[in-house]
Amino acid sequence: MGPDVFRSLEFRLIGPHRGGRVVAVAGHPTDPMTFYFGACAGGVWKTTDGGVTWENISDGYFRAAVGAIAVSDADPNVIYVGTGEACIRGNVSHGDGVYKSTDGGRTWKNVGLRDTRHIARIRVHPKNPDIVYVAALGHAFGPNEERGVFRSKDGGSTWEKVLYRDEHTGAIDLALDPNNPRILYAALWQAIRRPWELVSGGPGSGLFRSFDGGDTWEEITRNKGLPKGEIIGKIGVTASPAKPGRVWAIVEAEDGAVFRSDDYGDTWERCSEDRNLRQRAWYYHHIYADPQDPETVWVLNVEAWKSNDGGKTFFQVPVPHGDNHALWIDPKNPRRMINGNDGGACVSFDGGQTWSLPLNQPTAQFYHVTVDDQVPYNVYGSQQDNWAMRLPSIGFEGAISWINYVEPGGGESGYMAVSPIPPHRVFGGGIGTGMGHGRLIAWDPRTGQKRNVTVWPEVHGFGVGADYHKYRFQWTFPIEFSPHDPHTLYVTSNVVHRSRDEGETWEVISPDLTRNDPEKLQPSGGPITKDNTGAEYYCTIFAFAESPVAPGVLWAGSDDGLVHVSRDGGQTWQNVTPPDLPEWALISIIEPSPHDPATCYLAATRYKLDDFRPYLFKTTDYGQTWTQITEGIPADDFTRVIREDPNRRGLLYAGTETGL
């Protein structure tokens with residue numbers, strides 16, 4: 001089949017227009033109705049009507065993941081975007097450096113720093129659009145050299161690395177004093193993601209200051225008043241435009257808090273110790289100074305917090321969605337602002353009393369999608385940072401809109417499965433949107449009833465590891481109905497579970513099909529702040545499928561790199577891991593052929609081990625032998641999914657991190 005055939009295919013947006021996570025926002029300095037946001041998986045968007053409508057302005061120019069955005073005050077046509085999100089979730093998407101526009105976002109050009117992968121902050125000199133600073137976190141899953149603070153004096157044509165600690169430490173925040181742009185404050189963060197844990201903090205973390213535009217730097221981490229604890233984690237920093245010399249920092253440490261300095265960081269006063277400001281530090285720790293009131297400072301966390309007394313006490317400011325990551329405040333009019341949160345971007349013109357809604361932004365992240373057998377069919381998926389969603393494939397009144405959207409149970413994580421028999425109950429993973437490990441919700445489309453059918457209900461705290469649980473369920477654990485028996489439902493933890501009564505009862509039909517390495521089942525998030533939501537649970541079955549042509553042929557792939565097959569409905573299992581697949585790969589998708597029971601395909605990744613190569617394999621003998629089939633896929637574009645066409649044997653589709 002020639003490539004011209006595929007060029008004629010066009011994707012059609014069906015929604016939902018319910019925003020996804022936003023960690024980068026900016027406003028136009030002189031046009032009060034123009035704002036920008038960068039979605040963690042949806043590119044750069046622009047509004048010219050105060051958030052009533054949004055237009056994507058980056059498609060066709062660069063990858064979707066955006067970590068930072070800055071508009072030049074001196075020339076608002078100049079915009080810099082740093083790609084790759086720096087709120088490093090376990091499934092975070094990377095970028096390929098800095099992009100620049102000189103025409104207000106109409107066109108873009110990559111201007112370097114391609115191996116930074118995750119950029120946290122960009123600051124532009126207030127009088128010179130060619131002087132720009134970048135805080136680059138670097139690789140999230142391993143060491144690399146292109147990280148730290150970079151400076152360009154020629155609009156991105158060349159870059160200097162002006163602040164660097166080591167290959168394990170990157171820059172996570174950067175503040176430029178608008179009263180004297182020679183003064184800069186930078187926060188370095190030693191952090192790493194592994195498949196089974198996040199480590200936040202170490203000897204590389206620290207706070208730095210420059211008085212000469214970044215030529216030289218002085219470490220001020222241990223200056224008087226700042227934490228004395230041995231280990232420092234993530235730091236957020238902001239300089240007050242309203243009072244020269246005033247700086248705030250929020251510090252992750254055993255004795256952490258919000259701190260304020262009135263002498264450019266020489267000495268510090270301990271302010272609020274409220275844990276609501278500092279929970280889950282790796283994901284938040286964002287702090288912003290009001291541009292006109294020296295006593296007002298904002299801290300973003302699950303909620304948005306504001307202080308009017310110099311940081312001593314904070315009160316909550318309601319915003320349309322939880323989990324807040326970004327805030328831009330107009331230097332000339334502090335009542336005009338834009339907030340970025342896990343639900344999208346929201347604009348306010350009254351200082352946060354009211355906000356625009358993020359229900360006009362098609363930037364949602366979905367882990368998996370499935371469809372039902374209705375005519376026309378519906379599409380189902382679990383939206384990260386939100387609830388599950390059902391959409392029709394067509395709208396009978398024209399556009400598919402909110403009148404067509406339904407939340408069919410489930411939550412923000414994982415798979416969904418639709419029963420093939422009436423009333424076609426929907427089963428969805430609900431970890432992250434409710435209490436309980438391995439949370440599974442059954443939704444009845446007739447009545448709207450939601451029923452908890454979790455295999456083994458357990459409530460746990462963020463500080464426990466996977467070894468605490470009877471069964472280990474991943475954040476995105478598989479859920480699937482048998483293609484041969486509509487009464488049989490499978491879900492997987494570290495074992496395979498089967499129900500024949502829609503979740504009323506469950507039976508285990510496999511041994512542990514993972515490596516079950518005790519060292520990789522411990523609490524995550526340390527050494528300071530323990531944090532384990534379920535996304536870090538390891539040694540789990542990540543991919544599962546039953547052959548659509550042979551009942552009882554079951555395939556299971558684990559996130560620690562094992563593949564098993566059963567040919568007798570789960571009574572016995574055989575390890576058939578491809579010998580050429582490197583250890584500890586994550587088996588992302590298993591695809592039994594819809595044409596031959598002995599044929600199966602798998603897609604695997606090792607990006608969480610800082611290996612970005614694609615891994616696709618095929619077997620035609622139930623896994624006894626495997627062939628790698630990655631020819632034609634770029635060597636640095638890892639593969640998340642593979643599917644075989646149900647009608648045309650051998651026609652395969654592969655989804656990588658950057659395309660299809």
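The values are calculated or read from the model by the stated rules, or taken from the named source; none is laboratory data. Computed from a prediction, not measured in an experiment: that's the story for all the values here. With ideal geometry, Cβ positions are generated from the backbone for all residues, glycine too; neighbour counts draw on all protein chains shown.
Is it the case, given these coordinates, that TRP298 is out of contact with any Lys or Arg (no Cβ under 6 Å at 6 or more places or on another chain) and not small (Gly, Ala, Ser)? No, not satisfied. Among the residues of this structure, GLY623 counts as one that is of a type in the set (Gly, Ala, Ser), surrounded by 15 or more Cβ atoms within 10 Å (Cβ to Cβ) and at positive phi. Hey, can you tell me all the residues within the range 467-485 that are out of contact with any Phe, Trp or Tyr (no Cβ under 8 Å at 6 or more places or on another chain) and either charged (D, E, K, R) or under 21 Å from LYS450 (Cβ atoms) (or both)? Scanning the range 467-485 gives ASP467, ASP485. Contact map, the range 113-136: first residue in contact (Cβ under 8 Å) with a residue 60 or more places away in the chain, second residue assigned to a helix (DSSP H, G or I), Cβ cut-off under 8 Å, separation 6 or more or different chains; pairs are VAL134/THR116. None of GLY534, GLY569 is part of a loop (DSSP other than H, G, I, E, B), over 28 Å from VAL459 (Cα atoms) and not assigned by TED's automatic domain parsing to the domain that holds TRP626 except GLY569.
Given the criteria in the same structural domain as ASP293 (by TED's automatic domain parsing), within 30 Å of PHE542 (Cβ to Cβ) and not β-branched (Val, Ile, Thr), does GLY411 qualify? So GLY411 fails the test.
In this structure, is GLY436 within 23 Å of ASP531 (Cα to Cα), surrounded by fewer than 22 Cβ atoms within 10 Å (Cβ to Cβ) and in contact with a Pro (Cβ under 9 Å, 6 or more places away or on another chain)? So GLY436 fits the description; yes. When GLY411 is tested against (1) out of contact with any helix residue (DSSP H, G or I) (no Cβ under 7 Å at 6 or more places or on another chain); (2) assigned to a strand (DSSP E or B), exactly one condition is not met: (2). Scanning the range 215-234 for any residue that is assigned by TED's automatic domain parsing to the domain that holds ASP173, part of a strand (DSSP E or B), in contact (Cβ under 8 Å) with a residue 24 or more places away in the chain and in contact with a helix residue (DSSP H, G or I) (Cβ under 7 Å, 6 or more places away or on another chain) turns up nothing. On the basis of being out of contact with any Lys or Arg (no Cβ under 7 Å at 6 or more places or on another chain), touching a residue at least 40 places away in the same chain (Cβ under 8 Å) and not hydrophobic (A, V, I, L, M, F, W, C), does ASN386 make the cut? Taking the combined requirement at face value, the residue does not satisfy it.
Filtered by the rule that a residue be at pLDDT 90 or above and among the β-branched types (Val, Ile, Thr), the range 1-47 gives ILE14, VAL22, VAL23, VAL25, THR30, THR34, VAL44, THR47. Taken over the range 223-245, residues that are more than 23 Å from ALA86 (Cα to Cα) and either under 24 Å from the mean Cα position of the chain (by Cα) or surrounded by fewer than 24 Cβ atoms within 10 Å (Cβ to Cβ) (or both) amount to 12.
Confirm whether THR116 is touching a strand residue (DSSP E or B) at 6+ places or on another chain (Cβ under 7 Å), surrounded by fewer than 19 Cβ atoms within 10 Å (Cβ to Cβ) and in the same structural domain as SER210 (by TED's automatic domain parsing). Spelling it out, it is not the case that THR116 is touching a strand residue (DSSP E or B) at 6+ places or on another chain (Cβ under 7 Å), surrounded by fewer than 19 Cβ atoms within 10 Å (Cβ to Cβ) and in the same structural domain as SER210 (by TED's automatic domain parsing). When PRO597, PRO582 are checked against the criterion of being touching an Asp or Glu at 6+ places or on another chain (Cβ under 9 Å) and surrounded by fewer than 18 Cβ atoms within 10 Å (Cβ to Cβ), a single residue qualifies: PRO582. Note on the range 460-474: among residues that are out of contact with any Lys or Arg (no Cβ under 7 Å at 6 or more places or on another chain) and over 23 Å from GLU502 (Cβ atoms), the one that is modelled with the lowest pLDDT is GLY461.
Within the range 191-205, restricting attention to residues that are surrounded by 21 or more Cβ atoms within 10 Å (Cβ to Cβ) and over 18 Å from the mean Cα position of the chain (by Cα), the residue that is farthest from ALA289 (Cα to Cα) is GLY201. Among the residues of the range 392-433, the ones that are crowded, with 19+ Cβ neighbours inside 10 Å, over 21 Å from the mean Cα position of the chain (by Cα) and hydrophobic (A, V, I, L, M, F, W, C) come to 5 in all.
Between ILE183, ILE232, ILE220, ILE250, the distinction of being hydrophobic (A, V, I, L, M, F, W, C) and in contact with a His (Cβ under 6 Å, 6 or more places away or on another chain) belongs to ILE250 only. Of all the criteria given as (1) surrounded by 22 or more Cβ atoms within 10 Å (Cβ to Cβ); (2) outside the structural domain of ASP49 (by TED's automatic domain parsing); (3) of a type in the set (Ser, Thr, Tyr), the one not satisfied by THR354 is (1).
Give the residue, chosen from GLY503, GLY552, GLY557, that is part of a strand (DSSP E or B) and modelled with pLDDT of 95 or more. I'd like the intermediate steps shown before the answer.
Numbers: GLY503 fails: part of a strand (DSSP E or B); GLY552 fails: part of a strand (DSSP E or B).
When all the criteria are applied, what remains is GLY557.
Annotation note: of GLY311, GLY322, GLY340, the sole residue that is assigned by TED's automatic domain parsing to the domain that holds TRP248, surrounded by 23 or more Cβ atoms within 10 Å (Cβ to Cβ) and within 19 Å of the chain's Cα centre (by Cα) is GLY340. Counting residues that are closer than 26 Å to CYS40 by Cβ and among the aromatic types (Phe, Trp, Tyr), which strands (runs of 3 or more DSSP E) fully inside the range 335-401 reach at least 2? By residue number, 366-371. Within the range 177-190, the set of residues being under 25 Å from PRO143 (Cα atoms) and surrounded by fewer than 24 Cβ atoms within 10 Å (Cβ to Cβ) comprises just one member, GLN190.
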